[in-house]
């Protein structure tokens with residue numbers, strides 16, 4: 001391994017350095033990252049909530065952060081990936097951290113990683129995770145919320161023991177790394193559980209592997225439909241769990257029917273930790289009313305209406321389709337779509353296809369992405385309607401511009417797929433669309 005010729009001094013330099021450190025971009029296993037963490041003396045003296053799942057992780061982390069923040073706790077959150085800037089991956093007391101704060105911790109990790117005669121190779125994700133965890137450990141927090149990057153059992157955040165584990169949904173994604181059945185993927189997610197500690201499973205139909213692992217470990221299993229549940233009408237909803245009830249709650253500020261399942265898991269996790277982190281009903285109400293998270297069925301008013309969603313697997317695209325359907329009638333729906341090459345896009349395109357009238361397939365700025373032409377070819381294989389048209393573009397920005405030019409004021413444009421797709425649209429801030437007749 002070649003050592004640094006010149007020490008990186010900026011965050012972009014450190015990120016570029018991390019990208020070329022290890023022979024593989026993803027190398028599942030905890031031994032290397034745990035060795036460096038031990039050298040660093042990485043440790044937390046506050047409760048840790050670890051969140052795993054195929055979809056709903058980011059939303060659940062944001063709700064936990066909002067409610068706990070409203071309750072007066074000093075919160076720290078680690079999520080991935082980011083939409084626009086790397087710093088988005090870490091928030092302290094609800095504020096995105098600065099690049100300067102991160103750089104100091106990158107240098108610290110490098111000092112322990114690159115010890116003479118005992119150098120350890122880390123992937124980009126492992127290195128950056130250690131830097132962020134050290135920043136959080138030093139921040140004098142009351143609670144830390146950690147989102148699993150991939151799977152759970154062998155993910156770098158799992159070097160830390162969760163005081164409460166939350167598993168959101170389990171579906172087919174990253175199958176080349178996690179297995180090609182829900183049972184196999186469930187086993188990987190279950191790896192964040194700890195003996196004697198609560199684990200909340202908000203998936204309404206969890207794989208047996210998750211339930212079996214909880215029983216074998218002796219974890220305190222909180223299961224949706226048994227240990228907690230929700231009910232609701234068009235105006236409000238309520239939650240009931242072990243020894244606790246919330247009635248007359250406003251719907252979460254994050255839109256979409258799937259967010260009630262996420263919110264239910266969040267309230268179960270908070271109830272499981274109430275002896276250490278008590279929260280009031282008012283903190284729950286305020287937190288759910290104020291929670292924000294870009295790119296999760298984010299509806300941006302304007303003409304035409306713009307919808308941004310990082311749905312990038314069949315399960316999340318099914319949820320997006322239901323949410324789009326519930327929005328009401330639009331004369332024409334335009335879709336900007338970009339995805340990674342390893343994604344099973346045929347079922348996604350088939351599911352949302354009946355709602356889309358014009359497609360704008362886009363390249364993305366990463367070698368892992370499918371090209372717009374690849375995506376269009378896969379779309380043509382499943383599209384049955386003759387009246388739908390599709391074009392390809394070099395970037396999400398160019399695709400959106402074409403959609404805006406083609407759209408009428410009463411239409412809607414949905415941008416979905418990879419974080420790179422939505423991130424490309426948000427790079428310059430939240431776009432406000434003005435239809436042609438408003439620009440004069």
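The condition of being surrounded by 23 or more Cβ atoms within 10 Å (Cβ to Cβ), out of contact with any strand residue (DSSP E or B) (no Cβ under 7 Å at 6 or more places or on another chain) and modelled with pLDDT of 95 or more holds for only one of 130, 136, that being 130.
May I ask you to list the residues in segment 271-295 that are in a loop (DSSP other than H, G, I, E, B), under 25 Å from residue 223 (Cα atoms) and either in contact (Cβ under 8 Å) with a residue 12 or more places away in the chain or under 15 Å from the mean Cα position of the chain (by Cα) (or both)?
Our first condition is that a residue be in a loop (DSSP other than H, G, I, E, B); within segment 271-295, this holds for 273-280, 291-295.
Then drop every residue that is not under 25 Å from residue 223 (Cα atoms), which leaves 273-280, 291.
Matches in segment 271-295: 273, 274, 276, 277, 278, 279, 280, 291.
Checking the structure you have, find out if any residue of segment 427-438 is within 24 Å of residue 293 (Cβ to Cβ), in the same structural domain as residue 325 (by TED's automatic domain parsing) and surrounded by 15 or more Cβ atoms within 10 Å (Cβ to Cβ). Scanning segment 427-438 turns up at least one residue that is within 24 Å of residue 293 (Cβ to Cβ), in the same structural domain as residue 325 (by TED's automatic domain parsing) and surrounded by 15 or more Cβ atoms within 10 Å (Cβ to Cβ). Looking at the structure I just gave you, is residue 413 under 25 Å from residue 88 (Cα atoms), crowded, with 16+ Cβ neighbours inside 10 Å and in contact with a helix residue (DSSP H, G or I) (Cβ under 6 Å, 6 or more places away or on another chain)? Judged against the criteria, residue 413 is not a match.
For segment 327-349, a residue qualifies if it is in a helix (DSSP H, G or I) and either in contact (Cβ under 8 Å) with a residue 40 or more places away in the chain or surrounded by 20 or more Cβ atoms within 10 Å (Cβ to Cβ) (or both), and the qualifying residues are 345, 348, 349.
Looking at segment 55-74 only, could you name the residues that are touching a helix residue (DSSP H, G or I) at 6+ places or on another chain (Cβ under 6 Å) and within 21 Å of residue 310 (Cα to Cα)? Before the answer, list the steps.
Here is the first cut: in segment 55-74, the residues touching a helix residue (DSSP H, G or I) at 6+ places or on another chain (Cβ under 6 Å) are 55-56, 59-60, 63-64, 66-67, 70-71.
Scanning segment 55-74 gives 55, 56, 59, 60, 63, 64, 66.
Listed conditions (1) in contact (Cβ under 8 Å) with a residue 12 or more places away in the chain; (2) under 22 Å from residue 164 (Cβ atoms); (3) part of a loop (DSSP other than H, G, I, E, B) are all met by residue 266, apart from (3). Over 18 Å from residue 269 (Cα atoms) and either in contact (Cβ under 8 Å) with a residue 40 or more places away in the chain or outside the structural domain of residue 281 (by TED's automatic domain parsing) (or both): is that true of residue 110 in this structure? So residue 110 fits the description; yes. Remark: residue 359 falls outside the filter, which requires a residue to be more than 22 Å from residue 295 (Cα to Cα), surrounded by 18 or more Cβ atoms within 10 Å (Cβ to Cβ) and touching a helix residue (DSSP H, G or I) at 6+ places or on another chain (Cβ under 8 Å). Between 93, 89, 153, the distinction of being at positive phi, in contact (Cβ under 8 Å) with a residue 12 or more places away in the chain and surrounded by fewer than 23 Cβ atoms within 10 Å (Cβ to Cβ) belongs to 93 only. For segment 296-320, a tally of residues being in contact with a strand residue (DSSP E or B) (Cβ under 6 Å, 6 or more places away or on another chain) and not in a strand (DSSP E or B) returns 5.
Go through 324, 254, 273, 288 for me and flag whichever is in contact with a strand residue (DSSP E or B) (Cβ under 6 Å, 6 or more places away or on another chain) and either within 14 Å of residue 67 (Cα to Cα) or surrounded by 21 or more Cβ atoms within 10 Å (Cβ to Cβ) (or both). Show your work before the answer.
Values: 324 fails: in contact with a strand residue (DSSP E or B) (Cβ under 6 Å, 6 or more places away or on another chain); 254 fails: in contact with a strand residue (DSSP E or B) (Cβ under 6 Å, 6 or more places away or on another chain); 288 fails: in contact with a strand residue (DSSP E or B) (Cβ under 6 Å, 6 or more places away or on another chain).
Exactly one residue qualifies, and that residue is 273.
Considering only segment 215-227, I want to know if a residue exists there that is touching a residue at least 12 places away in the same chain (Cβ under 8 Å) and farther than 18 Å from residue 193 by Cβ. Yes - at least one qualifying residue is present in segment 215-227.
The values are calculated or read from the model by the stated rules, or taken from the named source; none is laboratory data. Everything numeric in this text was worked out from a predicted model, so none of it was measured. Note: ideal-geometry Cβ built from the backbone for every residue, glycine included; neighbour counts use all protein chains shown.
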